[in-house]
1. Inside region 249-368, counting only strands (runs of 3 or more DSSP E) that do not spill past its ends, which hold 2 or more residues that are buried (at least 19 other Cβ atoms within 10 Å of the Cβ)?
2. Suppose we keep only residues that are more than 18 Å from the chain's Cα centre (by Cα) and surrounded by fewer than 20 Cβ atoms within 10 Å (Cβ to Cβ) within region 102-124. Which one would you say is modelled with the lowest pLDDT?
3. From the list 373, 421, exactly one residue is under 28 Å from residue 97 (Cα atoms), assigned to a strand (DSSP E or B), in contact (Cβ under 8 Å) with a residue 60 or more places away in the chain and touching a strand residue (DSSP E or B) at 6+ places or on another chain (Cβ under 6 Å). Which is it?
4. Being touching a helix residue (DSSP H, G or I) at 6+ places or on another chain (Cβ under 8 Å) and buried (at least 22 other Cβ atoms within 10 Å of the Cβ) is the filter; apply it to region 66-82 and report the residue that is farthest from residue 444 (Cα to Cα).
5. Would you mind finding the one in 394, 437 that is buried (at least 21 other Cβ atoms within 10 Å of the Cβ), under 26 Å from residue 357 (Cα atoms) and either out of contact with any strand residue (DSSP E or B) (no Cβ under 8 Å at 6 or more places or on another chain) or modelled with pLDDT under 95 (or both)?
6. Among the listed residues 385, 390, which satisfies the condition of being within 27 Å of the chain's Cα centre (by Cα) and over 20 Å from residue 261 (Cα atoms)?
7. Suppose we filter 142, 168, 147 for residues that are touching a residue at least 24 places away in the same chain (Cβ under 8 Å) and loosely packed, with under 12 Cβ neighbours inside 10 Å; which single one remains?
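The values are calculated or read from the model by the stated rules, or taken from the named source; none is laboratory data. Source: prediction; values computed, not measured. Using ideal geometry, Cβ is built from the backbone for each residue, glycine included, and neighbour counts are taken over all protein chains shown.
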C-alpha cells in the first residue's frame, strides 16, 4: 500500500474537510487502518478525523515546526497503518506569506513525498475549471498529483462537462464529482467548524460520508495510482524513551477546553509528566496530588455561566496560583484564569481570578496568524531568551489590564513586523492568547515539567 496522500483545496472553503472525512470513512469501512493528519495549526479538523478513524490525528506544520520534526512525526505516527491521509490547509500553495512556500500544503507534500488529490469547488464553473486545474498542476513542478475531485457539482451532466474540459489540457485524472449535500456538512461558528465534542459524527453520518466517496469517486482508481507512485520508506522511528521520575500535571479537558496539540502533552510525558485530565465544567475538585496545571484553548465563552457556577473548582485553581504552582494557559484557558468574562450579550461571569484582568467577546475577529515568541524574562516555560512558535486566533480581548503584572513574551507576528509585548506572568502562572507548539522548541516542555518537579520537591519537603 502507498504511504498515503494529501487532500488539498484550491482555496479555503473548497470542501476539503468534508472530503477528507469522507475519504477516511470510506477507507475505514473497507478495513484499512489509517493514520490521519492535518497540515496547519487547526485544532478542530483533527478532532473530527479522530472521531471517524478512532486514531489520534496529528498536526503537521511547515512554519511552526522544522522539516525534520514533521518527517519524524509523520513516520512515527503512520507506523502500523495501511495508509496516511493528510488534510491540507487553505489553498494548496497558501502559507505564511506570498513570497515563499513556508507553511503551505505544497511544501509539506514535497517534504513527505506524498501525491495530492486536488479538491475544486465547481459551483458556477464549467470549462474555466480546466484552466484552474492546469494552473495548479503547473505552478510547482515538485508537487505530484494523484487526481482532481470536483466538489458541489450540479448534476451528472455538469461533471461530464468538466471532464471534457480537462481532456488534452491536464495530466492528472478526474477521480469524480461530489454533489452538494448540506446534510453532511458540519456547521460553523466564530472559530471555524463546530468541534467533535459539540457536533459528534454519529455512525449514520459516517456511513453517509463513506457512501459519498463510494458512489461519486473512483476510490479503486485512486488506490491504484497511489500504489504505482509508492515512495520508498524512510527508516522506522524508535519509540521515544520516557523519564521514570514522574510529576502530575492536571490538564483541563472538556467542551470548554479542547484545543491541545497532542505533541505538547506527549513531550511533557517524555520529560517526566503524568497527564491527569479534569473538567472545569463538571468537576468540583482538582485531581489529587498535582504539581502543575495546563489550560488549553477552546470555547469558555459558550460555557461561561457553567464555569462561573462551579465556584469550588475556580477557587481551587486560584489557591494553586497563590501557592506558586506552575500553571500554563493559552487563549481560552487564559480567559478562564482572568477575573471575569463578558459575552456578546453583555453578561459578565466570574472566572478563576488568577489574573486581575477582564476579557470580553467581540463581534469581529481580534487576531489571526502565526506568532514567534522570545522570553524576555524567566517563566515556567524557560529562561529569558528561549524562542518558540505558535498561532493566535480569537474573537476576544482584554477589557482591563494591570500594569503591575509582568509581561514576558516579545512577540513577532510576521516577518518584518515590530515585536509586541505579551505573555502575562503572575507568580508561577503564565497566560497568553498564543497557542504554542512545544514541538517548535521541546525545551518549553522540559522547562515546564522541571518547574513542576521543583514545586513538588518544595511542597513535599
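1. Numbers: elements: 257-259, 273-278, 292-295, 327-330, 338-342, 348-350, 355-361.
Strands (runs of 3 or more DSSP E) meeting the threshold: 257-259, 273-278, 292-295, 327-330, 338-342, 355-361.
2. Within region 102-124, the match that is modelled with the lowest pLDDT is 124.
3. Numbers: 421 fails: in contact (Cβ under 8 Å) with a residue 60 or more places away in the chain.
Exactly one of 373, 421 is under 28 Å from residue 97 (Cα atoms), assigned to a strand (DSSP E or B), in contact (Cβ under 8 Å) with a residue 60 or more places away in the chain and touching a strand residue (DSSP E or B) at 6+ places or on another chain (Cβ under 6 Å), namely 373.
4. Top of the filtered list is 74.
5. Numbers: 437 fails: either out of contact with any strand residue (DSSP E or B) (no Cβ under 8 Å at 6 or more places or on another chain) or modelled with pLDDT under 95 (or both).
Residue meeting the stated conditions: 394.
6. Values: 390 fails: over 20 Å from residue 261 (Cα atoms).
Checking each option against the conditions leaves just 385.
7. Values: 168 fails: touching a residue at least 24 places away in the same chain (Cβ under 8 Å); 147 fails: loosely packed, with under 12 Cβ neighbours inside 10 Å.
Answer to the check: 142.
Here's the yes/no breakdown for (1) without any contact (Cβ under 8 Å) to a residue 60 or more places away in the chain; (2) touching a helix residue (DSSP H, G or I) at 6+ places or on another chain (Cβ under 8 Å); (3) under 18 Å from residue 308 (Cβ atoms):
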residue: 343; (1), (2), (3): yes, yes, yes
residue: 347; (1), (2), (3): yes, yes, yes
residue: 355; (1), (2), (3): no, yes, yes
residue: 361; (1), (2), (3): no, yes, yes
residue: 364; (1), (2), (3): yes, no, no
residue: 388; (1), (2), (3): yes, yes, no
residue: 404; (1), (2), (3): yes, no, no
residue: 409; (1), (2), (3): yes, no, no
